[in-house]
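Structure first, then comments.
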Amino acid sequence: MIAIRFKPKFWDHQDVAAGPFKSLFNFRKIWKLAVFLTAGVALIPLIFMATIDYNVAQNAIESEILLRTSRLVSNTRRSISFFLDERKLALNFIIHDNTLEDLNNPGRLSEILENLKKSIGGFCDIGVIDESGVQVNYVGPYHLIGVDYSNQAWYREVVERHVYISDVFLGIRHVPHFVIAVKHNLPDGSFFVIRASLDMDWFRALLSDIELVGTGDAFIINQDGILQMPSRYQNAVLEKVPLSVPEYSTNTVVYQTSDKDERDLIVGYAYITDTPFILIVTKQKTELMKPWFETRSQLTGFLIFSISAILMVIIGVSTYLVNNVYLADQRRVMTLHQVEYANKLASIGRLAAGVAHEINNPLAIINEKAGLIKDIFSFRKEYTGDAKLNGLVDSIISSVERCGAITKRLLNFARHIEVSVQKLSIQSVVNDVLGFLVKEAEYKSITIAVDIPDDIPEFESDRGKLQQILLNLINNAFAAMTEGGLLEIKVSRHNEDKIAVMVADNGCGISESDMKRVFEPFFTTKSRTGGTGLGLSITYGLVQEIGGTIQVHSTVGKGTRFNIMLPLTYKKKKGEGNACIAG
Amino acid sequence: MRVLLVDDEEQLVSTLAERLALRGIDAVWATSSTAALELAQSETFDLAVLDVKIPKISGLELKKRLQALYPQMKFIFMTGHGSEDDFKIGAAEAGKDFYLVKPVKIESLIEKMNEVVQQKGDDK
């Protein structure tokens, strides 16, 4: 519906009347070309740039997220390593600073533990194990003196490696814990081991300080994928985490994967050197990208708005321009027809003038000869009494006079087609035109009532154009009326500088739907009877050319009335007089 | 009053001369400008009635030549082309000459002739 309402005039234009070679433009094609070309030129780079920009921005944000995760993992790994190294070195210091005797002294050992707790902290208990794997001294919350560790994995490792950090295990105490053990060789070739278990809460505190958005998590697993301590979302200590154990790397690695709910997950991990631990940080990608998604929807909205605005402007401007071209073209075709019409009329005029002139000479001879006969009749007595002969000559003379009147009128009319502005009386113009139509009116028994008051002054106008206007209107009126019609021509003074000419008939009238279009070129209801649909549009153009206006009032079945307003002073249009018809 | 009639239609001028003669007006006719000029060499005329369109030398041109010979001579033009209205415009250019449109009524022609001849006196 809307499309129909906004459909421009040119859309369904078919230049039927112009013929196949006179139509210069296919307006629909021009419109489409204009719209698609400008839309293409405007929108393709816009969309292209927007897509590139979108990808660049998304990639930048993604890599920023990855980088941040990587930095976080690295920093955390560094603090964990530092935490463990610190405690390792502390034990190393103790082992070198104290003799075995000192360490075997429970008092001294308890003092050391106390000092450790006070200074660097994070220790839970401490014990001394001899060469055979038996704990000889111990201070801490459990009773572990005399326990044999020779079968424990960590003990075997420390004997081999000198320093060992265990993963989290239950051990003899059946509580999850992990230990740092340092082996010290004695000068006699024997050795002992000092072993401390670390406070799990201290260790956990390292991870809980990490700032993580939303459902992000940081935790530590060992190399078998066993969770080492509870984290925010993982509580099953010493059980396998749902992630696979990542590939070994000396550096921090960040990769993307998806979790069991198919959500995008960013995972960053780092192997903590010389320990069984792997630090893992997971982040929900969607949550991190949330600000970007918001920006993205704003940008997309703006893009869609821009595209619609551009399209609307393009369509609007194209429609406006093409419509103007269409109107100009219509005017051109109209002018072409007017010129043709005027030329045709001028040719007819010249032809009529030629004929009239040629006839005038023999007519003058007949006139003289008949005049001579009449002279003879009146000057010679033998004929004067012959009423019959006198009557015959008189009728010849009166017929010649009639012919003379006709040829005069023809010459007059033809001449005025070419003559331009002159002073004229409307009475003479009406009479000239009616002179041609009186006979036709008689045949159709049409009564012509002319009412021209004497106070209408002579005025300057284009006689030829005025004649054509009246001729067209009266012809139309005749066509609309059947036998016994009444044609009224009424002239009145409208105001100081205008006169009104009314041409009214009591014919068939014009329907309301046709009323709007009567002055349109090529609009005709007489197409089958040879109407071109040009008469009234040319009349309209002619009225405008002489500076007047024309209006039509009509009632179906009652008749039609044309009102023409004519200015009493003729204003020459700019350029008129210099204009010539090209070609 | 001696009148010179010039028109390329012999039938017209001869009949017209005859009719004028019947009314006591002495009219001589010619069908070409050259013939008219020859006649004018040998005779004098008070008035010339000329067709506007005569082959070779036009009515207006002929008028000028005749006027050169006889400055007192008066003229009436006849034409088969156009209406009196148009010749009102032309009359302004041609001076105080009279124009008549063919076919001409003999009565109006004589009327004009008398007018012209009387004007002659006025001019003096």
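Test residue A:369 against the criterion of being surrounded by 12 or more Cβ atoms within 10 Å (Cβ to Cβ) and either within 14 Å of another protein chain (Cβ to nearest Cβ) or out of contact with any helix residue (DSSP H, G or I) (no Cβ under 8 Å at 6 or more places or on another chain) (or both), and give yes or no. So residue A:369 passes the test.
Among the strands (runs of 3 or more DSSP E) confined to the stretch A:156-268, the ones with at least 1 residues that are touching a helix residue (DSSP H, G or I) at 6+ places or on another chain (Cβ under 6 Å) and closer than 29 Å to residue A:291 by Cβ are located at A:217-222, A:253-258. Against the list (1) assigned to a helix (DSSP H, G or I); (2) within 14 Å of chain A (Cβ to nearest Cβ), the condition residue B:39 fails is (2). Does residue A:315 fit the bill of being on the phi < 0 side of the Ramachandran plot, part of a helix (DSSP H, G or I) and in the same structural domain as residue A:42 (by TED's automatic domain parsing)? Against the criterion (on the phi < 0 side of the Ramachandran plot, part of a helix (DSSP H, G or I) and in the same structural domain as residue A:42 (by TED's automatic domain parsing)), residue A:315 qualifies. Scanning the stretch A:269-283 for residues that are outside any strand (DSSP E or B) and of a type in the set (Ser, Thr, Tyr) yields a count of 2.
Scanning the stretch A:372-389 for residues being more than 11 Å from chain B (Cβ to nearest Cβ), part of a loop (DSSP other than H, G, I, E, B) and at pLDDT 75 or above gives a total of 1.
Take the conditions (1) of a type in the set (Lys, Arg); (2) over 28 Å from residue A:380 (Cα atoms); (3) not in a loop (DSSP other than H, G, I, E, B); residue B:19 misses just one of them, which is (2).
One residue stands out in the stretch B:11-26 among those that are at the interface with chain A (Cβ under 10 Å from one of its Cβ atoms) and charged (D, E, K, R): the one that is surrounded by the most Cβ atoms within 10 Å (Cβ to Cβ), namely B:19. Among the numbered criteria (1) within 21 Å of residue A:84 (Cα to Cα); (2) at pLDDT below 85; (3) within 57 Å of the chain's Cα centre (by Cα), which one does residue A:204 miss? Answer for residue A:204: the failing condition is (3). Residue-level analysis places residue A:286 outside the set of residues that are in a strand (DSSP E or B), polar (S, T, N, Q) and out of contact with any Pro (no Cβ under 6 Å at 6 or more places or on another chain). Within the stretch A:248-285, work out how many residues are out of contact with any strand residue (DSSP E or B) (no Cβ under 8 Å at 6 or more places or on another chain) and of a type in the set (S, T, N, Q). Qualifying residue count, the stretch A:248-285: 1. Restricted to the stretch B:42-60, and to residues there that are free of Cβ contacts under 8 Å to residues at least 60 places away in the same chain and in contact with a strand residue (DSSP E or B) (Cβ under 6 Å, 6 or more places away or on another chain), the residue that is farthest from the other protein chains (Cβ to nearest Cβ) is B:45.
The values are calculated or read from the model by the stated rules, or taken from the named source; none is laboratory data. Note that the structure is predicted; figures quoted are calculated from it, not measured. We place every Cβ from the backbone using ideal geometry, glycine too, and count neighbours over all the protein chains shown.
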